[in-house]
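Novice: Got a structure here, written out as structure tokens. Questions coming.
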Amino acid sequence: MVDRIVKSEQEWKKILSAEQFEVLRLKGTEKPFSGEYVDNKKDGIYLCAGCSNPLFSSDDKFDSGSGWPSFTRAVSKDSVEKREDLSFGMVRVEVVCARCGGHLGHVFTDGPKPGGLRYCINSLSLSFTENE
Ligand code: FE
């Protein structure tokens, strides 16, 4: 279990950039190939940009060609939660931070074997800590 973080809209606006707020709190999507971590090849851990919850490892990052940072799995079972998303006339599975509920992106079933999952994540939802 993780300790959940609950903040008001005003509190989130104080600690997030306008672009981060749009994605994390309003479920926005950054333009493909626009995010700072799409081509990041460094070894490290990706954290939630809202609450610093560890979310993904560079070990599980792959080049999907989608234009968004892509991972085969979350770094731990306490990292993310999945929710059905029926917006925009599509059936998708939304991925949110398990600690703060921030919108991260979606998970699809067209990922590489053996797991077959592709976590399609907005760079704006992430911060990155490089391994020493
Ligand atoms: Fe978070």
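Novice: Any idea what the dipole of region 1-54 comes to, in debye rounded to 20, about its Cα centre with Lys/Arg Cβ at +1 and Asp/Glu Cβ at -1?
Specialist: In debye, rounded to 20, region 1-54 gives about 120.
Novice: Convex hull over the alpha-carbon atoms of region 91-132: what's its volume per residue in Å³?
Specialist: 114
Novice: Between residue 6 and residue 59, what is the label-point separation in nm under the 7 Å Cα-to-beta-carbon projection?
Specialist: In this crude label model, residue 59 to residue 6 measures out at 3.5 nm.
Novice: Nearest 0.05, what FRET efficiency do residue 36 and residue 84 give at R0 = 30 Å with Cβ-Cβ as r?
Specialist: The computed FRET efficiency comes out at 0.55.
Novice: With +1 assigned to the C-beta of every Lys and Arg and -1 to the C-beta of every Asp and Glu, and no other charges, what is the dipole magnitude of region 9-132 about the Cα centre in debye, to the nearest 20? If you can, show how the numbers build up before the last one.
Specialist: Details: 16 positive and 19 negative charges, 52 e Å.
That gives a dipole near 260 debye.
Novice: Would you work out which of 44, 129, 91 lies farthest towards the positive end of the dipole of region 12-132? Charges go on Cβ: Lys and Arg +1, Asp and Glu -1.
Specialist: In region 12-132, that residue is 91.
Novice: How do 23-35, 86-98 rank on mean C-beta neighbours within 10 Å, highest first?
Specialist: 23-35, 86-98
Novice: Please flag any cysteine in the chain that has no other cysteine's Cβ under 4.7 angstrom from its own Cβ.
Specialist: 120
Novice: Separate question: Computed from the mean reciprocal separation of all distinct C-alpha pairs, what Kirkwood hydrodynamic radius does region 1-42 have, in Å?
Specialist: Details: mean 1/r = 0.0816 Å⁻¹.
Answer for region 1-42: a Kirkwood hydrodynamic radius of 12.2 Å.
Where a number appears in this text, it was derived from the coordinates with a stated rule and is not lab data. Remember, predicted model here, so these are calculated numbers, not experimental data. Because the Cβ atoms are built from the backbone with ideal geometry, glycine has one as well, and the counts that use them run over all protein chains shown.
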